[in-house]
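Working notes for the structure below.
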Amino acid sequence: MRKLLVLSLLLVPFVLPAQTPKLPPEKELRSLVFDSLFAFNQAVLKKDFTQFHQERLAAPFRKQFSLEKFAAAFQVFIDKGYDISNIAKSEPVFDSPPAFDSDGLLVLKGHYPTRPNKVTFKLTYTQEGSAWKLMGINVQAIPFVENTGKVPSNRELKTLALDSLLLFNDAIQDKSFDKFYSGISDLWQKEVTPAKLKEIFHGFIDQKIDLAAINKVEPVFDGTPAVNDDGLLVIKGSYPTRPSKVIFELTYVYETENWKLAGINVNIKPTGEKDEKKKADDDE
C-alpha cells in the first residue's frame, strides 16, 4: 500500500541572532542531516521523543512546542510503524544549495533516494553555542506515483491554491477539520484523521489566525509550479496581504482525474519584515 507522510513543524519568527554563522562544509552538512534524521527515527522506534526533544531542538523551538505537542504531531510515525533507518545506506541529496534564510537560520532541503519510499526533508537550524539545533523539521516518506496529470494552467493553479487555503481557513475558524479532511487526497486520509490534523495545526486555532484576506489578492508563485520527480504537484508562493503576508507550500497527488491535496505548509509573516529568499526548488 502506498504511503505518504507530510508533516511539518515550523517556528514563528523570533529574535534574530546578532551575527549569521559561517556555512559549514557540505560534508559536515550531510552529517548534520543524517544525525538529525537518524536520531528522530530512533525516537520513533523507541516511541519516546523525550531525548530528541531535549537534545536536538533549539530552546525557542522547545518553548513553542512542548514535548507533548511535539510528540502528538509526529505520533503518526509511531502509529504507522515508519522506519527510515535505511537512510544509513544512502547519501542525502540537497535539492537546493544549503543556505541561510533572511532570518539567519540554516536551511537544509533535500532527499534520500531510498526505496520503496523516498525520504525527503527540510530541516532548519540555529546555532546554540557550538552546536546546531533544530528550529523546524519537515520529514516525508514519499512513494513512487505511477500516474500523474498535467500541470494545470496558471489560472487553474491559482484557483486550486485558493480553494485549498480557504478550506484550511474554514477549518481554523470552525475549530474542526472534518470538512477539510473530506476534501484531501485518499493517500493523505490514510495517514491522518480530522482529530490529528487539529492537533498538528492547533497553533493556528490558538492564535486565531484568519486567512480570509487572501480572497482579495492574487497569489505570487515562487518559481513555476510543476510536477516533481515523485509525480507530486507542488505550488509554492505567497499572498501579499497586510499587515501580514501568507506564505504557502501545497502538495497535490493526482487521484480520480483530479489534483487532491496531500500536504500543506502555511506561515504568516509581517509584511514589514524582509522577504524570505526565494528558492527555486521542488520541495514538499
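Just so you know, all these numbers are worked out from the coordinates, no wet-lab data involved. Just so it is clear, the structure is predicted and the values come from calculations on it, not from any experiment. Cβ: placed from backbone, ideal geometry, glycine included. Neighbour counts: every protein chain shown.
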Largest first and to the nearest Å, give the Cα extent of the stretch 42-143 along each principal axis. 37, 33, 20
Please give the Cα centre distance for the stretch 68-124 versus the stretch 136-213, rounded to the nearest Å. 20
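I need the peptides 245-251, 163-169 ranked by packing, meaning the mean over residues of other C-beta atoms within 10 angstrom, with the highest value on top.
245-251, 163-169
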In the stretch 48-148, GluC sites (Glu not before Pro) in a DSSP loop with at most 10 other beta-carbon atoms within 10 Å: E146
Among T114, T224, what is the fewest-to-most ranking by other Cβ atoms within 10 Å? T224, T114
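Add -39500 (n - 2.57) for each DSSP H run of 4 or more in the chain, then divide by its residues: what number comes out at 222 nm, to the nearest 500 deg cm²/dmol?
Details: 10 runs with 89 residues, N = 284.
So the helix-based figure for the chain works out to -9000 deg cm²/dmol.
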Mind running the shape call on the stretch 111-223? Use the C-alpha gyration tensor, a ≥ b ≥ c as the square roots of the eigenvalues: rounded below 1.5 for a/c, prolate if a/b tops b/c, oblate otherwise. rounded
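For H53, H202, H111, what ranking results if the residue with the fewest other Cβ atoms within 10 Å of its Cβ goes first?
Details: H53 20, H202 15, H111 23.
The fewest-first ordering by Cβ neighbours comes to H202, H53, H111.
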Per its Cα gyration tensor (rounded if a/c is under 1.5, else prolate when a/b beats b/c, else oblate), the stretch 71-113 is best filed as oblate
Of the listed values (i) 180; (ii) 125; (iii) 163, grab the one calculated as volume of the Cα convex hull per residue in Å³ from the structure here. (ii)
Hz values of 3J(HN,Hα) by residue in the stretch 216-229 - Karplus curve (6.51, -1.76, 1.60), Gly and Pro given as x: 9, 10, 8, x, 10, 7, 8, x, 9, x, 8, 8, 7, 5
Whole-Hz Karplus ³J(HN,Hα) for the stretch 77-88, in order, using 6.51 cos²θ - 1.76 cosθ + 1.60 and θ = phi - 60°, x for Gly and Pro? 4, 6, 4, 8, x, 5, 9, 9, 5, 5, 5, 5
In a Gaussian network model of the chain with springs linking alpha carbons closer than 10 Å, the residue among D178, D79, D101 that fluctuates most is D79
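Just rank K150, K109, fewest to most, by other beta-carbon atoms within 10 angstrom. Write out the running numbers ahead of the final one.
Numbers: K150 9, K109 23.
With the fewest neighbours first, K150, K109 line up as K150, K109.
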One would report the antiparallel percent of DSSP beta bridges in the stretch 32-146, rounded to the nearest 5, as 95
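Would you please classify the overall shape of the stretch 147-284 from the alpha carbon gyration tensor, given that a ≥ b ≥ c denote the square roots of the eigenvalues, rounded means a/c under 1.5, and beyond that prolate means a/b larger than b/c while oblate covers the rest? Can you show the working numbers first?
Working: a/c = 1.75, a/b = 1.07, b/c = 1.63.
Oblate shape, in that a/c is at least 1.5 and b/c is the bigger or equal ratio.
Only Lys, Arg, Asp and Glu count, each charged at its Cβ (+1, +1, -1, -1), so figure out the dipole size of the stretch 140-277 about its Cα centre, rounded to 20 debye. Spell out each step's value before the answer.
Numbers: 17 positive and 21 negative charges, 97 e Å.
The calculated dipole for the stretch 140-277 is roughly 460 debye.
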